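Working notes, structure below.
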Amino acid sequence: MVRASILGLGSYVPDRVVTNDQIRFLNEKHEVCAEPQTDTNHEWIKARTGIEERRYVPADSGYGSSDLGLFAAKLAIEDAGLTPKDIDCIIFGTLSPDIHFPGNAVFLQSKLGIDGEEGCACYDIRQQCSGFVYGLQMADAFVRTGLYKHVLLVGAELHSHSLDFTTRGRDVMVLFGDGAGAAVIGALETDDEKEGILYTHCQADGAGAMDLYLKVFEIAKAPYVYYDANDREQNQIKYPQMNGKKVFLNAVRNMVVSVQRALKESKLTWDEIDWFVPHQANLRINEAVVQYAEIPPEKALNTIQVYGNTTAVTVPLTIDHYRKLGKVKKGDRILSTVFGAGFTWGSAIFRV
Ligand code: UT7
């Protein structure tokens, strides 16, 4: 029987660390100002979110999210013992693409040096914080049906250029960081139906679409982009908007139900699962999910403290972070549950 399996993983974060103490002094260009630009503080951010620092690309780097994705993709391909030429499908998940269209997957394909007339299939997906689990479900199906041999799944986000560095945007601005994570998914010949990627389930509830969004433009309007920097109401279009409490409650509820469903449908118990890797939006969300879904707390892995919320990146970044520390080992089985804008959510169980 052919199953799909994660053959390699990689992640990347920029070198620049921005602490909670530093973030309130940053302006839109990420310059450190003499006076605070945002009314926030380390105590509030740490107590309400768990975040202590996050990573930002250098303001003058010229990087787009496809560049961050490239760093992670190369590491994942190498980790799988492959070369870029072996990749026959790219799935790119991001809410911060380089430009409106085309999507990031084709830019990444060129940066990997595998574009041209024989170029592989390129998909872009838009499931925000749920991108990795949604992408994994696609990759799993593609590989098991024999459509593609080696799927490169990439999540990459460059949030730091689209945040509101004023008190108005503080509820969202302090949460997000830049980074990238990637996995190569390929075939595994086995009769054991619990090997490789053994479970994926994705859901969405469009009723929550406008509880977490970033417009940038409204195609229904002419002109479809209106931007007046002096008009504080109008210039909100540039920044993410969130009904934080509603998102929080929906995240906890749906992640708990999703974990319980994953265990029931896979017929696994926590004795057979090494790690729980939840999306990293808020440490309090993850602690509540661990409590209500009765997950052994020592199996929950979090990295929001040091990377903030990197949306589509959090799952591979967290796994790779703990792999580098030697905690997650080859062959470990992971249950990952995500929740994000849309609302979208889902779970996956897989070995790394
Ligand atoms: O990844 C996608 C999914 N995203 C999420 O899951 C995020 C879900 N939401 C959350 O994590 C939380 O709702 C937040 C961290 C965004 C906010 O935490 P909260 O405990 O819900 O705080 P709040 O919005 O109720 O705000 C409490 C107070 C308010 O002041 P008043 O009205 O009580 O005077 C806010 O204005 O905290 C204020 N506040 C801040 N203070 C200092 C909001 N943001 C900040 C800030 N620094 N950065």
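The values are calculated or read from the model by the stated rules, or taken from the named source; none is laboratory data. Source: prediction; values computed, not measured. A quick note on method: Cβ atoms are made from the backbone with ideal geometry, for glycine too, and the neighbour counts reach across all protein chains shown. Areas reflect the complete protein model, heavy atoms only, side chains present, ligands, DNA and RNA absent. Shrake-Rupley method; radii C 1.70, N 1.55, O 1.52, S 1.80 Å.
Go through (1) within 18 Å of the chain's Cα centre (by Cα); (2) surrounded by 18 or more Cβ atoms within 10 Å (Cβ to Cβ); (3) assigned to a helix (DSSP H, G or I) one by one and return the number of the condition His161 breaks.
(2)
Restricting to the stretch 46-61, name every residue that is in a loop (DSSP other than H, G, I, E, B) and open to solvent by 70 Å² or more (accessible area, probe 1.4 Å).
Within the stretch 46-61, the subset in a loop (DSSP other than H, G, I, E, B) is 50-52, 57-61.
Listed by number, the residues that qualify are Glu52, Asp60.
Each row is one residue, and each column tells you yes or no for (1) more than 25 Å from the chain's Cα centre (by Cα); (2) modelled with pLDDT under 95.
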{"residue": "Ile6", "(1), (2)": "no, no"}
{"residue": "Asp15", "(1), (2)": "no, no"}
{"residue": "Glu31", "(1), (2)": "yes, yes"}
{"residue": "Ala59", "(1), (2)": "no, yes"}
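Mind listing just one residue for me: the one in the stretch 1-26 that is within 16 Å of the ligand (Cβ to nearest atom) and part of a loop (DSSP other than H, G, I, E, B) and, of those, nearest to Asp192 (Cα to Cα)? Working first, answer last.
Step one: list which residues in the stretch 1-26 are within 16 Å of the ligand (Cβ to nearest atom), which gives 18-26.
Pick out the ones that are also part of a loop (DSSP other than H, G, I, E, B) and you get 24-25.
On the way: Arg24: 52, Phe25: 55 Å.
If we take residues in the stretch 1-26 being within 16 Å of the ligand (Cβ to nearest atom) and part of a loop (DSSP other than H, G, I, E, B), then Arg24 is nearest to Asp192 (Cα to Cα).
Which of the numbered conditions does Pro102 fail, given that it passes all the others? Conditions: (1) in a loop (DSSP other than H, G, I, E, B); (2) in contact (Cβ under 8 Å) with a residue 40 or more places away in the chain; (3) closer than 19 Å to Cys120 by Cβ.
The single condition Pro102 does not satisfy is (2).
Out of Gly81, Gly50, which single residue is over 26 Å from Ser110 (Cα atoms) and of a type in the set (Gly, Ala, Ser)? Please lay out each step first, then the result.
On the way: Gly81 fails: over 26 Å from Ser110 (Cα atoms).
Step by step, each of Gly81, Gly50 is checked, and only Gly50 is over 26 Å from Ser110 (Cα atoms) and of a type in the set (Gly, Ala, Ser).
For (1) closer than 30 Å to Lys329 by Cα; (2) more than 16 Å from the ligand (Cβ to nearest atom); (3) part of a loop (DSSP other than H, G, I, E, B), each residue gets a yes or a no:
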site	(1), (2), (3)
Asp231	no, yes, yes
Ile237	no, yes, no
Leu249	no, no, no
Val252	yes, no, no
Met255	yes, no, no
Ser258	yes, no, no
Lys264	yes, yes, no
Leu268	yes, yes, yes
Val277	yes, no, no
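Looking only at the stretch 228-255, count how many residues are aromatic (Phe, Trp, Tyr) and either touching a strand residue (DSSP E or B) at 6+ places or on another chain (Cβ under 8 Å) or more than 15 Å from Thr49 (Cα to Cα) (or both).
1
Can you name the condition, by its number, that Ala34 falls short on among (1) within 16 Å of the ligand (Cβ to nearest atom); (2) among the small types (Gly, Ala, Ser); (3) outside any helix (DSSP H, G or I); (4) exposed (fewer than 14 other Cβ atoms within 10 Å of the Cβ)?
The failed condition is (1).
Determine, yes or no, whether Glu43 is within 16 Å of the ligand (Cβ to nearest atom), farther than 28 Å from Pro97 by Cβ and open to solvent by 70 Å² or more (accessible area, probe 1.4 Å).
Details: within 16 Å of the ligand (Cβ to nearest atom): yes; farther than 28 Å from Pro97 by Cβ: yes; open to solvent by 70 Å² or more (accessible area, probe 1.4 Å): yes.
It is true that Glu43 is within 16 Å of the ligand (Cβ to nearest atom), farther than 28 Å from Pro97 by Cβ and open to solvent by 70 Å² or more (accessible area, probe 1.4 Å).
Which of the residues that make up the stretch 284-331 are of a type in the set (D, E, K, R) and under 22 Å from Lys245 (Cβ atoms)? If you could, list the steps in order and put the result at the bottom.
Here is the first cut: in the stretch 284-331, the ones of a type in the set (D, E, K, R) are 284, 287, 294, 298-299, 320, 323-324, 327, 329-330.
Arg284, Glu287 - these are the residues of the stretch 284-331 that are of a type in the set (D, E, K, R) and under 22 Å from Lys245 (Cβ atoms).
Kindly evaluate Asp124 against the criterion of being part of a strand (DSSP E or B) and either open to solvent by 20 Å² or more (accessible area, probe 1.4 Å) or more than 14 Å from the ligand (Cβ to nearest atom) (or both). Let's see the steps before the verdict.
Details: part of a strand (DSSP E or B): yes; either open to solvent by 20 Å² or more (accessible area, probe 1.4 Å) or more than 14 Å from the ligand (Cβ to nearest atom) (or both): yes.
Yes; evaluated as a whole, the condition is true for this residue.
Identify, by number, the condition in (1) of a type outside the set (Lys, Arg); (2) on the phi > 0 side of the Ramachandran plot; (3) surrounded by fewer than 23 Cβ atoms within 10 Å (Cβ to Cβ) that His100 doesn't meet.
Failed condition: (2).
Just the residues that are surrounded by fewer than 24 Cβ atoms within 10 Å (Cβ to Cβ) and either part of a helix (DSSP H, G or I) or within 14 Å of the chain's Cα centre (by Cα) (or both), please, taken from the stretch 310-341. Steps first, answer last, please.
As a first pass, look at the stretch 310-341 and keep what is surrounded by fewer than 24 Cβ atoms within 10 Å (Cβ to Cβ): 321-334, 341.
Scanning the stretch 310-341 gives His321, Tyr322, Arg323, Lys324, Ala341.
Kindly indicate whether Met173 is open to solvent by less than 60 Å² (accessible area, probe 1.4 Å), within 16 Å of the ligand (Cβ to nearest atom) and of a type in the set (A, V, I, L, M).
Values: open to solvent by less than 60 Å² (accessible area, probe 1.4 Å): yes; within 16 Å of the ligand (Cβ to nearest atom): yes; of a type in the set (A, V, I, L, M): yes.
Yes, satisfied.
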